[in-house]
Amino acid sequence: MEQPRIDPSRVKGWGVDADPENDPTYPMKKRNNGEHAGYTWERPPQQPTGVEVLHSNERPNLTAAFGTSTPPVALSGMIRRLAFKYSESSYGHWLPLMLADRVNAVEGVLDDLAHGHVPNLIDELGWKAEWEHNRKSLVARVAVGALVTSVAVAYLTRKRRDD
Amino acid sequence: MLAMNYRGPLRVRIDEKPMPEILHPEDAIVRVTRSCICGSDLHLYNGSVPDTRVGMTFGHEFTGVVEQVGPEVRKLKAGDHVLVPFNIACGKCVFCQQELYGNCHESNSQATAVGGIFGYSHTAGGYNGGQAEYVRVPYADVGPMVIPEGMDPDDAVLLTDVVPTGYQAAEMGGIQKGDTVVVFGAGPVGIMAARCAWLFGAGRVIVIDWVEYRLEFARKYAPCEAYDFRSLGDPVVFLKHTTDSLGADVVIDAVGAEAAGSAMQTLLGRKLLMQGGSATALHWAINSVKKGGIVSIVGVYGPIDTLVPIGNVVNKGLTLRANQASVKRLLPRLVEHVRKGHLDPKALITHRIPLEHVSEAYRLFSAKLDGCIKPVLLPPSARN
């Protein structure tokens, strides 16, 4: 059951970085005690704030540079603003952010439709790759999905006996 | 320009987006020449990283040609072909000064627990990533490295994350000559960690996963013993048995949040998202390492609580080492390893896919189809 062992001496480069000093392990802290001086380093220039950027309440300010991708919007944005009232140590921060992500996905569909774009789910889900390389499984999953949907629709639209 | 556009869990597409602009005096704009999909991108793709907003462009492993630089950029100039570490680092804060470039304090406003990362949700700074034709690169004098003359661009793009992360996983393991090293995960990073374990003098390297084609790849590439955990019964018992019932000296978790192997972890961590991921690999790592041993973690987990047997860490006197790779710190050594032929990163690349087919590329990689180990996206300008 066990596979043959590899002879290390036949592995190219074996041991070239071996270092008996590497205990308890690299990378050892390159200590300069700079952290004892607190938040006093010479900061890079501050990026102008052109869009709404939420920041952790565990820091006093925005970082000198920051990303400007996808500022908070709509209902998901309101939830995100609420989440940032709580620290990174709190479920009050992370769970609302997860909720906001799900709400944001729905907002994305609505936004597409509002701009006259009907999302091509087959393309977005990458089903072409499944069709080319995993066709049997894809067909089986689509068939099961169609069957479950048909049963659910039939059940929900059935005529009651007392109708 | 063309850019990947996240639309919600499992949904991505290619769209026209505005060109990035210089927003900070130390910015550069880079025309992308290669951009990989990383295993950790799949956490975003699956919707398991909080604050992943619809409309964002992913991608933190890329190379490109500098098109424009901000007024404070001194070292780079237009036309330079650069590899860009996945960490965004200012170079000035106390953590960068300590070479902890993955822990910069001036690149991520949204969270203090992680530095900025290209295209990796707002929890990692809200930057658009490199799965696009162009990308904004902050602190351009700090992270990017001009690709050394003669280096294959395919090698260069893997030096932005996969190689340094795999190497640091082995480095943090404090491997001594003759040590038995177990690596959980046969994705690109796990395979690279197994390969690098030999460089530190490992006496035996064992990789554990469940995807057979990846195990086969690892056996040849690392090289190593490689086992499908489904064939082992209890993988911890197997690893104890094969190490004189003591356990491995060093165990590396190169899986992270998407681990298979435990129904409870899968339910809590991947389906209900009530943990920072499924911690099966880390659980096995803690339990299969020797007393007094070292567990090195490079697998990515979400920021909320995650169930692991922490009592065993105490009782076994383990050392846990973990971090995002400090790419800039490691690059000089890794370039040397590539030059000398100790490492062959580009051999990991199995698929070269046009950027326009990004949704298929994500599905291919995520579902582990067609023997995919590492997919690289090529923008139109890089294909001409």
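What follows is calculated from the coordinates using simple rules that are stated; it is not laboratory data. Since this is a predicted model, take the numbers as computed values, not measurements. As a convention, Cβ positions derive from the backbone with ideal geometry for all residues, glycine included, and neighbour counts pool all protein chains shown.
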*Points 7 angstrom from Cα along the Cβ direction at B:Thr266 and B:Ala113: gap in nanometres?*
2.6
*Would you please give the residues with an amide H less than 5 Å from that of B:Arg321, counting only those at least 5 places away or on a separate chain, with H modeled from the backbone geometry?*
B:Val295, B:Ser296, B:Ile297
*Quick one: angle between helix A:91-114 and the longest Cα principal axis of chain A, in degrees between 0 and 90, rounded to 10, please.*
50
*Run down the lysines and flag those whose C-alpha is under 21 Å from the C-alpha of A:Lys30, throwing out any fewer than 8 positions away in its chain.*
B:Lys92, B:Lys328
*Can you give the helix-only mean residue ellipticity at 222 nm for the protein assembly as shown, where every DSSP H stretch with n ≥ 4 adds -39500 (n - 2.57) and the sum goes over all residues, rounded to the nearest 500 deg cm²/dmol?*
-9000 deg cm²/dmol
*Have a look at the DSSP beta bridges in the protein assembly as shown and tell me what percent are antiparallel, nearest 5.*
50
_Computed FRET value (nearest 0.05) for A:Lys159 with B:Lys220, which takes r as the C-beta separation and R₀ as 60 Å_ = 0.40
*Could you give the dipole magnitude of the stretch A:52-119 about its Cα centre, charging the beta-carbon of Lys and Arg +1 and that of Asp and Glu -1, in debye to the nearest 20?*
220
*Extension reserve of the A:Val144-A:Val106 stretch, reckoned as 0.36 nm per residue once the Cα distance is removed*: 11.2 nm
*So which trypsin sites (Lys or Arg not before Pro) in the stretch B:147-227 pass both tests, a DSSP loop state and at most 15 other Cβ atoms within 10 Å of the Cβ?*
B:Lys177
*Cα centre as origin, Lys/Arg/Asp/Glu Cβ charges: the stretch A:120-163 dipole, Debye*: 300
_Radius 9 Å from Cβ of B:Gly201, net charge of other residues (Lys, Arg +1; Asp, Glu -1)_ = -2
*When the stretch B:163-322 is reduced to its Cα atoms, the Kirkwood hydrodynamic radius in Å*: 15.1
_Straight-distance crosslink candidates among lysines, where the alpha carbon sits under 20 Å from B:Lys291 and sequence neighbours closer than 8 are dropped_ = B:Lys177, B:Lys240, B:Lys316
*First measure r as the distance between the Cβ atoms of B:Val146 and B:Ser381, then evaluate 1/(1 + (r/R0)^6) with R0 = 25 Å and state the FRET efficiency to the nearest 0.05.*
0.85
*Is chain A rounded, prolate or oblate when judged by the Cα gyration tensor, a ≥ b ≥ c being the square roots of its eigenvalues, rounded requiring a/c under 1.5 and prolate requiring a/b larger than b/c?*
oblate
*asked:* Highest mean first, how do B:239-250, B:134-145 rank when packing is the count of other Cβ atoms within 10 Å averaged over residues?
replied: B:134-145, B:239-250
*asked:* Which entries of B:Lys17/B:Lys374; A:Lys159/B:Lys271; B:Lys220/B:Lys271 have Cα-Cα distances beyond 29 Å here?
replied: A:Lys159/B:Lys271; B:Lys220/B:Lys271
*Please list the non-local residues whose amide H lies under 5 Å from the amide H of B:Glu258, H modeled 1.01 Å from N, same-chain partners needing a gap of 5 or more.*
B:Ser278
